[in-house]
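This report concerns only the one structure given below.
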Amino acid sequence: MRYAFHVMRYAIKFMPKKQTRELTDVLTTSARIYQPSKEVLDRATVKDVEKVRKAAEKDPLKFWEEAANDLSWFTKWKKVFGGRKPFYQWFIGAKTNLAYNALDRHAEGENRDKTAIISEDETGRTRRYTYFELYKEVNKLVNALKAAKVKKGDRVAIYMPNIPEIAMAMLACAKIGAMHSVVYAGYSAAALADRINDAKAKVLFTADGSWRRGKAVDLKTIADEALKLTKTVKKVIVTKNNNQNVSLTAGRDVWFHDFIKGQSEKAKCAQMDAEDPAFVLYTSGTTSKPKGVIHVHGGYQVGVLRTIKWVFDLKGDEIFWCTADPGWITGHSYIIYGPLLAGITTLQYEGVPDMPEPDRIWQIVEKYNVNVLYTAPTLIRAMAKYGDEWPDKHAMPSLRLLGSVGEPINPEAWLWYHKHIGKGRLPIMDTWWQTETGMHMITPLPATPLKPGSATKPFPGIIADVVDKNGKRVPTGKGGFLVIRNQWPSMIRTIFNNPDRYVKTYWKEIKGVYFTGDVAFKDKDGYFWIQGRTDDVLKIAGHRIGTAEVESGFVAHKAVAECGVIGVPDPVKGEVIKAFVILKQGFEGSDVLKQELVACVRKSIGPVAVIKDVAFTDKLPKTRSGKIMRRVLKAQELGLDVGDTSALVS
Ligand code: WT7
């Protein structure tokens, strides 16, 4: 059933006609609508979602200006919106600082003694920081970084586990006005080096290591490998996290605790222009070179704060747990910045969800009285596989709202999440968004009637549509390209050092609109059903990986002449990789070679690229210009109609 669902979603992408209609009918008409309970409605900040959406659609600038007033600005804006398309600008002329709003204003105000961060690792070690304590640590780090000559505009790479020090490093950079570039700790040395080199980072934050499934991950060793491939990093700051033996290179490497020792607990906050970049975050695209997505100090915080407050209906004291990793945008926006901007408590868990037993997640929810749990379909499916008894042992009375993100959630997983975690009473906020959007874009609010598997409707102020390649709206129920017709404050500003790629990727594919790269359809109630990516981007356990990146990982092996990679449906991870490989003359396909190839890809990307299968072949479907037609490979693999093959050289 799950497999069938994935294939169905995939099929819709390539079936333009009557068949599509039939499939979408199966998905939508069987969907029961879940109305919000009285409890949810009574509490909801936004009760009449449609009314608010209509008002925001009529005057989005007014809507966002009001949202901006929830934040502190050193100087107010002269104009809410402007710039030259597609280099849009928000809150023009304003001065602000992302870290000031996420930290300083709380530490200096009434949230001073509130817990900002609770952290727990796999072994059960727990730490807590109040806003004031976090502020003092960040200030020491700011002063130490300044002493190390880090200044506004510099890039600082961060390769760390999900621990409080990663938040400190990010906030300290933002406070100085240096751009952080967080690289997910599941990336390999080569991938880390690529990102450091593209950003020309001069500092690297890392840790000795991290526990994962009871095993030590040698982050410092991987970082050392990466540093052999880079020239720009002058200082490496190492958090002592799991007491692993590591070697420090004299003059370059320093322990985090030594680095901040003796520094003042007060630090000045840089007054940043609203349009100054706050960070770069690399994400996969259609080529093998990842894109450095730029977000700025002003608009980003406005979008993130308004969405976290409304989508999760936050008021006052809340414990918010987003199970993502700070290495992805979900972690940036909804582990670190969002909760802190909202002045609530965020939980960081450094470990896997099923250690020591498959109810670790539900145990943590009960232990800390988590109010909102925000996780990914892949985790939900993995937990469901262990059996209902694990969550059923836990009443989790503190939970009042659930969230999902990263990939389409299949109705079956949605229903399991609702029944066993939400105990049949909690609504699920299925939030569709991207690294580039910075914030939720298509999502329910708590008062929205829900259909399992649909992200419902655009957030107020966002105008989304489903169109054909000419930008023409497609009829209800028919699959097409998901686009955004207007602009929003936390949108990507450019690609680091590559404005042309920014224009080409997002604004040239379909004229006049922002191109998301996703396929979707709208049902008769105007609900959006996201089908997945239309480009060569894979979603593996919700992580975004480019097929071209994986292919270059394969081709790096001496035996490989050519390679084409596709995503195939997986009942837990959503998608996993299947590779079709042509070997060079003189090499023979074998299981040993398969393992070698998998290891080679792991070396070039990291464990995030989950390879399910390698098939040796002597031919790949190609266009006349020699491009591998992954679409054809995929249709053949799934036994579907190959569609239009006029470009294929037989
Ligand atoms: C892609 C963006 C931004 C969150 C983390 C991933 C897919 C994300 C959903 C959802 C269906 C989703 C899309 C999107 N996606 N959320 N709720 N339903 N698909 O960020 O790595 O930039 O990936 O994730 O395909 O384009 P990302």
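No value in this document is a laboratory result; all are computed from the given coordinates. Everything quoted here is computed from the prediction, not taken from an experiment. Positions of Cβ are backbone-derived with ideal geometry, glycine not excepted, and every protein chain shown enters the neighbour counts.
Past the 27 Å Cα-Cα mark, which pairs from Lys261/Lys289; Lys558/Lys627; Lys85/Lys146; Lys202/Lys612; Lys38/Lys114? Flagged as over cut-off: Lys261/Lys289; Lys85/Lys146; Lys202/Lys612; Lys38/Lys114. Beta bridges per DSSP, both residues in the stretch 537-638: antiparallel share near 75 percent.
So what's the net charge close to Tyr131: Lys and Arg +1, Asp and Glu -1, counting the other residues with Cβ under 13 Å from its Cβ?
Around Tyr131, the surrounding residues sum to -2.
The helix-only estimate of mean residue ellipticity at 222 nm for the chain, built from DSSP H runs of length n ≥ 4 each weighted as -39500 (n - 2.57), is -8500 deg cm²/dmol after division by the residue total. Applying a threshold of 31 Å to the alpha-carbon distances of Lys522/Lys594; Lys478/Lys619; Lys367/Lys419 flags Lys522/Lys594; Lys478/Lys619 as lying beyond it.
Which of rounded, prolate or oblate describes the chain when judged by the alpha-carbon gyration tensor and an a/c cut-off of 1.5? The shape class here is rounded. Taking 0.36 nm per residue of separation and subtracting the Cα-Cα distance, what length does fully extending Arg485 through Lys423 add? 18.5 nm is the gain from fully extending Arg485 to Lys423.
Taking 0.36 nm per residue of separation and subtracting the Cα-Cα distance, full extension of the segment from Leu638 to Arg84 would add 195.0 nm.
Could you tell me which GluC sites (Glu not before Pro) in the stretch 69-150 are loop residues by DSSP with no more than 16 other beta carbons within 10 angstrom of their beta carbon?
Loop-located and lightly packed - Glu108, Glu110.
With r as the distance between the Cβ atoms of Lys367 and Ser646 and R0 = 56 Å, compute the FRET efficiency 1/(1 + (r/R0)^6) and round to 0.05.
0.40
Say R0 is 51 Å: what FRET efficiency, to the nearest 0.05, do Lys603 and Lys114 get from their beta-carbon distance?
0.70
Does anything in the stretch 249-273 have its amide N under 20 Å from the 7 Å Cα→Cβ label point of Lys240, and if so which residues? Output list for this probe position: 249-264. DSSP bridge analysis restricted to the stretch 102-284 gives an antiparallel fraction near 30%, rounded to the nearest 5. Packing here is the average count of other Cβ atoms within 10 Å per residue, and on that basis the peptides 164-173, 616-625, highest first, run 164-173, 616-625.
Subtracting the Cα-Cα distance of Lys149 and Gln271 from their residue separation scaled by 0.36 nm leaves 42.1 nm.
Pairs over the 26 Å Cα-Cα cut-off, from the set Lys228/Lys504; Lys200/Lys622; Lys539/Lys634: Lys228/Lys504; Lys200/Lys622. Within the shell of other residues whose beta carbon sits under 10 angstrom from the beta carbon of Tyr88, the net charge comes to +2, with Lys and Arg scored +1 and Asp and Glu -1.
Restricting to bridges with both residues inside the chain, how much of the DSSP beta-bridge set is antiparallel, in percent to the nearest 5?
60 percent
Within the stretch 141-165, what residues put their amide N at less than 16 Å from the label point 7 Å along the Cα-to-Cβ vector of Asn497? Of the residues in the stretch 141-165, 153-158 have backbone N under 16 Å from the label point off Asn497. Qualifying GluC sites (Glu not before Pro) in the stretch 577-650, where qualification requires a DSSP coil assignment and no more than 15 other C-beta atoms within 10 Å, comprise Glu588. Taking the number of Cβ atoms within 10 Å of each Cβ as an exposure proxy, the fewest-first ranking of Ile582, Ile577 is Ile582, Ile577. Near Glu596: Cβ cut-off under 14 Å, other residues only, Lys/Arg at +1 and Asp/Glu at -1. The net charge is +3.
With a cut-off of 8 Å between alpha carbons and a minimum separation of six or more residues, what is the relative contact order of the stretch 90-163 in percent? Can you show the working numbers first?
On the way: 45 pairs, mean separation 16.8, N = 74.
Here the relative contact order equals 23 percent.
Look at the alpha carbon pairs under 8 Å that are at least 6 residues apart: their mean separation over the length of the chain gives a relative contact order of 15 percent. Extending 7 Å from Cα along the Cβ direction at Lys215 and again at Phe74 yields two label points whose distance is 4.7 nm.
Counting other beta carbons within 10 Å of each Cβ, put Phe91, Phe496 in order, fewest first.
The most exposed by this proxy come first: Phe496, Phe91.
Give, as ranges by residue number, the residues of the stretch 388-403 whose backbone N falls under 13 Å from the point 7 Å along Cα→Cβ of Ser37. 396-402, by backbone N distance to the label point. The magnitude of the dipole of the stretch 537-638, with charges of +1 and -1 set on the Cβ of Lys/Arg and Asp/Glu and taken from the Cα centre, is near 380 debye. Comparing Val592, Phe616, Val537 along the charge dipole axis of the chain, the residue lying farthest to the positive side is Val537, per the Cβ-charge model. Got a sec? Charge dipole of the stretch 357-468, +1 on Cβ for Lys and Arg, -1 for Asp and Glu; which of Asn369, Asn410, Pro444 is way out at the positive end? Working it through, the farthest residue towards the positive pole turns out to be Asn369. Placing a pseudo-label 7 Å from each Cα along the Cα-to-Cβ vector at Ala561 and Thr45 gives an inter-label distance of 6.0 nm.
The aspartates and glutamates whose alpha-carbon is closer than 13 Å to the alpha-carbon of Lys58, local same-chain residues fewer than 8 away aside, are Glu50. Over the stretch 537-638, Cα pairs under 8 Å with separation of 6+ residues give a relative contact order of 28 percent.
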